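Inspection log for the structure reproduced underneath, given as structure tokens.
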Amino acid sequence: MDIGIGLPNAVRGVDRRGIVDWAKRAENAGFSSLGTIDRIAYPNFESLIALSAAAAVTERIRLVTDILLAPLRTNPALFAKQAATIDQLSGGRLVLGLAPDGREDDYAVIRRGLLRRGADFDRQLDELKDLWGSESAVGPPPASGSRPALLIGGSSGRAFRRAAQHADGWTMGGGTPDMLAEAHGGLKGEWSKAGRDGDPRVVALFYFVLGEGAEAAARESLGDYYAWLGEYAEQIVQGTAKDEETVKGYLSAFEQAGADEVICFPASADPDQVEMLARAADL
């Protein structure tokens, strides 16, 4: 199983060190991927721009949006061009994890209805396929072929169907190893119905913060980021891996559940977290 690390692009107070220095250190430490999480109505760094900065200072590590809220990018042609540009400049290292999600404030700030996000996303996926195609006037062409690598997020049957119809696999944007294992049947069923060969790539994530002050950092960062979820935000804080033993346990459990990759997202923007996680993950 591959082990990736998130960029702290959504941690309040993150600066250049938390993107550029973090990316360099993550590649040197041997992580498989750098991930981003996404919001619009929040003082975080935008995902694609953060990954473009990381791409400029790395050579090997994959660049993963896990996930990007695709329907918030309301101009599919511009979005296709931005993604293809990063894919080209990084030598084909971009992996787009896409989903509609459901935060009302994100959709309100772009003046778009929340209820139509699923239909918008389905239409967008069809349009992106054409925009990345060889006959499209939008360029550059993606470095890795007809499109960047693509994952679909979400836990519904509709998400599994989207993954089977449009993508290379599926990403679970939060949840337990048991939830991942349970989802496998539905995902593989849709994969088979769509006539896809092989197995879908399956990606999971969890949050971590290590070292002194871990509990306070998790509460300050994740408690704020997920405050819109009400009481459930406390469960996210409590579920954060705050010591090496918990990191190892989560990684082992997700591997047994069938994950091909786990991306560990930080609740601190301190670049020293990179080496602390690398030690915990035995990289």
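The values are calculated or read from the model by the stated rules, or taken from the named source; none is laboratory data. Keep in mind that what you see is a predicted model, and the values were worked out from it rather than measured. Reconstructed Cβ throughout: ideal geometry from the backbone, glycine too, with neighbour counts over all protein chains shown.
At a glance:
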{"quantity": "Hey, ARG279 of a type outside the set (A, V, I, L, M) and in contact with an Asp or Glu (Cβ under 8 Å, 6 or more places away or on another chain) or not", "calculated": "yes"}
{"quantity": "Qualifying positions in segment 115-135 - assigned to a helix (DSSP H, G or I), at pLDDT 90 or above and among the hydrophobic types (A, V, I, L, M, F, W, C)", "calculated": "PHE121, LEU125, LEU128, LEU131"}
{"quantity": "Total residues in segment 167-216, condition over 30 Å from LYS129 (Cβ atoms) and touching a helix residue (DSSP H, G or I) at 6+ places or on another chain (Cβ under 9 Å)", "calculated": "11"}
{"quantity": "Single residue of segment 87-98 satisfying the filter (in a helix (DSSP H, G or I) and either out of contact with any helix residue (DSSP H, G or I) (no Cβ under 9 Å at 6 or more places or on another chain) or in contact (Cβ under 8 Å) with a residue 40 or more places away in the chain (or both)) that is farthest from GLY35 (Cα to Cα)", "calculated": "GLN88"}
{"quantity": "Selection within segment 3-33 - in contact (Cβ under 8 Å) with a residue 60 or more places away in the chain, under 14 Å from ARG60 (Cα atoms) and outside any strand (DSSP E or B)", "calculated": "ARG25, ALA26, ALA29, GLY30, PHE31, SER32"}
{"quantity": "Which numbered condition ALA269 fails, given (1) small (Gly, Ala, Ser); (2) touching a Pro at 6+ places or on another chain (Cβ under 6 Å); (3) assigned to a strand (DSSP E or B)", "calculated": "(3)"}
{"quantity": "Residue satisfying all of: in segment 20-59; β-branched (Val, Ile, Thr), under 24 Å from TRP228 (Cβ atoms) and touching a helix residue (DSSP H, G or I) at 6+ places or on another chain (Cβ under 7 Å); surrounded by the most Cβ atoms within 10 Å (Cβ to Cβ) among these", "calculated": "THR36"}
{"quantity": "Single residue of ALA108, ALA77 found to be more than 18 Å from the chain's Cα centre (by Cα), in a helix (DSSP H, G or I) and over 15 Å from ARG147 (Cα atoms)", "calculated": "ALA108"}
{"quantity": "Long-range neighbours under 6 Å by Cβ, at least six apart or interchain, first residue aromatic (Phe, Trp, Tyr) within segment 109-131, second buried (at least 16 other Cβ atoms within 10 Å of the Cβ)", "calculated": "PHE121/ALA70; PHE121/PRO71; PHE121/PRO100"}
{"quantity": "Test set (1) surrounded by fewer than 20 Cβ atoms within 10 Å (Cβ to Cβ); (2) touching a residue at least 24 places away in the same chain (Cβ under 8 Å) - ALA216 fails condition number", "calculated": "(2)"}
{"quantity": "Options GLU245, GLU234: the member that is acidic (Asp, Glu) and either surrounded by fewer than 14 Cβ atoms within 10 Å (Cβ to Cβ) or under 26 Å from GLY169 (Cβ atoms) (or both)", "calculated": "GLU245"}
{"quantity": "Selection count, segment 177-191, where residues are touching a residue at least 24 places away in the same chain (Cβ under 8 Å) and surrounded by fewer than 18 Cβ atoms within 10 Å (Cβ to Cβ)", "calculated": "6"}
{"quantity": "Filtered residues of segment 252-266 (kept if more than 22 Å from ASP168 (Cα to Cα), in contact (Cβ under 8 Å) with a residue 40 or more places away in the chain and in a helix (DSSP H, G or I))", "calculated": "ALA253"}
